[in-house]
1. Exactly which trypsin sites (Lys or Arg not before Pro) in the range 79-118 are in a DSSP loop and have at most 16 other Cβ atoms within 10 Å?
2. Counting only residues 5 or more places away or on other chains, whose amide H sits under 5 Å from the amide H of His167 once H atoms are built in the peptide plane?
3. Name the residue, out of Ala139, Ala16, Ala52, whose mean-square fluctuation peaks in a Gaussian network model built on the chain with Cα pairs under 10 Å.
4. Out of Tyr134, Tyr47, Tyr85, any idea which swings most in a Gaussian network model of the chain, alpha carbons joined below 10 Å?
5. Using θ = phi - 60° and the Karplus relation 6.51 cos²θ - 1.76 cosθ + 1.60, list the HN-Hα couplings for the range 143-155 in order, rounded to whole Hz, with x at every Gly or Pro.
6. Could you check the simple spin-label distance between Ser61 and Thr20, using points 7 Å along Cα→Cβ, in nm with one decimal?
7. Return the sequence-ordered ³J(HN,Hα) values of the range 114-128 in whole Hz as given by the Karplus equation 6.51 cos²θ - 1.76 cosθ + 1.60 applied to θ = phi - 60°, using x for Gly and Pro.
8. Rounded to the nearest whole Å³, what is the per residue volume of the convex hull around the Cα atoms of the range 91-179?
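Read the figures in this text as sums done on the coordinates, not as results from a lab. Quantities reported herein were computed from a predicted structural model and do not represent experimental measurements. All Cβ positions, even for glycine, are placed from backbone atoms using ideal geometry, and neighbour counts span all protein chains on display.
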Amino acid sequence: MLESGTHPLDGVNAEAGRVTTDHSFRFLGFDQNFSSTPVVFSQAESYRGPHAVVTRHRNVSSNGMSVRLQEQNSYGAHMNESVGYLAVEEGRGSLGGAAFEAGWTPDSVTHRWHRISFDRSYDDPRFVADVQTYNGSDAAEVRYRTLSSSGVEVRIEEERSDDEVFHRNSESVGYLVFDGA
């Protein structure tokens, strides 16, 4: 668990924080300039509306990103919510003695399964992922399967409030894998 602020993680820089946003993209400037584009993860941390939401990112760079909330397609707009984020430079390090790596795919992940191979082997892997781009406008999230010591399969899954559920636009997926022991 990281508190809000900037953190060196065994040679990999990280930043945790919070922003308020709604259904419109809001630019969030990082407190530090990363040496490369970080992998970002975000999640709504408040409950100000009755409908489920996902967070979406676009224009992720070494100095910031834009983030928004998105309800299922049939609902539309959403009110302000508190969104927590974690930005981690791509690379390997350790946190609390647990080895980890952060990375991202090219814009190549769609509704079809896509294999990610890890840089090293993990005895008891734990995995989190988030969409890094906004190339398809439907509400969508990352799904994964076949997590092993050396890799995982991911895909983009759209919500099902309309008849079209295939995410044909290629997206970049950011991920963080670490030893759970």
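1. Arg112
2. Placed amide hydrogens put His111, Glu158 under 5 Å from His167.
3. Of Ala139, Ala16, Ala52, the Gaussian network model singles out Ala52 as fluctuating most.
4. In the Gaussian network model the winner is Tyr47.
5. Those phi angles translate into 10, 9, 8, 6, 5, 9, 5, 10, x, 7, 10, 10, 7 Hz.
6. The modelled label-to-label distance comes out at 2.6 nm.
7. Those phi angles translate into 10, 8, 10, 9, 6, 6, 9, 9, 10, 5, 9, x, 10, 9, 10 Hz.
8. 92 Å³
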